[in-house]
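A short write-up of the structure that comes next.
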Amino acid sequence: KNLIINGKFQINQRGAVSKTATSGAYNFDRWYFDGTDLRYRVEAGDYIASTVYTLSGTNVTTTQITSPSSGVWSLTVPTTSDLVQLELGSVTTDFEHRSYGEELALCQRYFIKIIGYISTTLQNSTLWPTTMRDTPTITSTAVGFSHFSSNKYGASLIATSNTGNATTTADAEL
């Protein structure tokens, strides 16, 4: 029932120290800090167009809002918000608690962080733990990193002359 992913702010793959750690960036998964408020974007196709929904949560003013007729739907809540929920209809219900694993899998449609140790040249094909919403942008701290190709299912990666820890991210945020 809850269209908000990570409304409890429990998934933090980027390792941000807070929801507001970096202005103009995603800190906790799915939440973007604009310097004043937290912004959340609902992907087209995840909501019914031109329909009443209720936004609620801790430190969120409960509001009935009408979804857009098309496109990405952008919502704003205070930085002190918690247990944020967006649900179909004009009635507020209890917050939908999902397991950590389910919430993580939902977040990984938009962002994945992989940390590993590379002791020699690495060349492999990686399947993402879940299908991403779109082809991600790939970045890595590995020396000589490149990727041959990627899509929403995985990527072909190579790193040369690297010894040590490497962090690779796949970012398909809206």
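Based on what the data block shows, is ILE48 aliphatic (A, V, I, L, M), in contact (Cβ under 8 Å) with a residue 24 or more places away in the chain and either open to solvent by less than 20 Å² (accessible area, probe 1.4 Å) or in contact with a helix residue (DSSP H, G or I) (Cβ under 6 Å, 6 or more places away or on another chain) (or both)?
no
I'd like the full set of residues that are within 17 Å of the chain's Cα centre (by Cα) and either small (Gly, Ala, Ser) or surrounded by fewer than 12 Cβ atoms within 10 Å (Cβ to Cβ) (or both), limited to the range 82-119.
The answer is SER99, TYR100, GLY101, GLU102, ALA105.
Restricting attention to the range 54-73, which residues are part of a strand (DSSP E or B) and open to solvent by 60 Å² or more (accessible area, probe 1.4 Å)?
Matches in the range 54-73: THR58, THR61, THR62, GLN64, THR66.
Give the residue that is nearest to the chain's Cα centre (by Cα), with candidates limited to residues of the range 8-42 that are closer than 17 Å to ASP171 by Cα, among the aliphatic types (A, V, I, L, M) and in a loop (DSSP other than H, G, I, E, B).
ILE11
Kindly provide the set of residues from the range 108-123 that are modelled with pLDDT of 85 or more, assigned to a strand (DSSP E or B) and aromatic (Phe, Trp, Tyr), ordered by number.
Listed by number, the list holds a single entry, PHE111.
Within the range 124-162, take every residue that is exposed (fewer than 11 other Cβ atoms within 10 Å of the Cβ) and at pLDDT below 75 and give me the one that is farthest from TYR26 (Cα to Cα).
Among them, the one singled out is SER161.
The values are calculated or read from the model by the stated rules, or taken from the named source; none is laboratory data. Since the structure is predicted, the reported quantities are computational estimates derived from the model, not experimental observations. Methodologically, a virtual Cβ is constructed for each residue, glycine included, from the backbone with ideal geometry; neighbour enumeration extends over all protein chains shown. Ligands, DNA and RNA are excluded from the accessible area calculation, which covers all protein heavy atoms including side chains. Shrake-Rupley method; radii C 1.70, N 1.55, O 1.52, S 1.80 Å.
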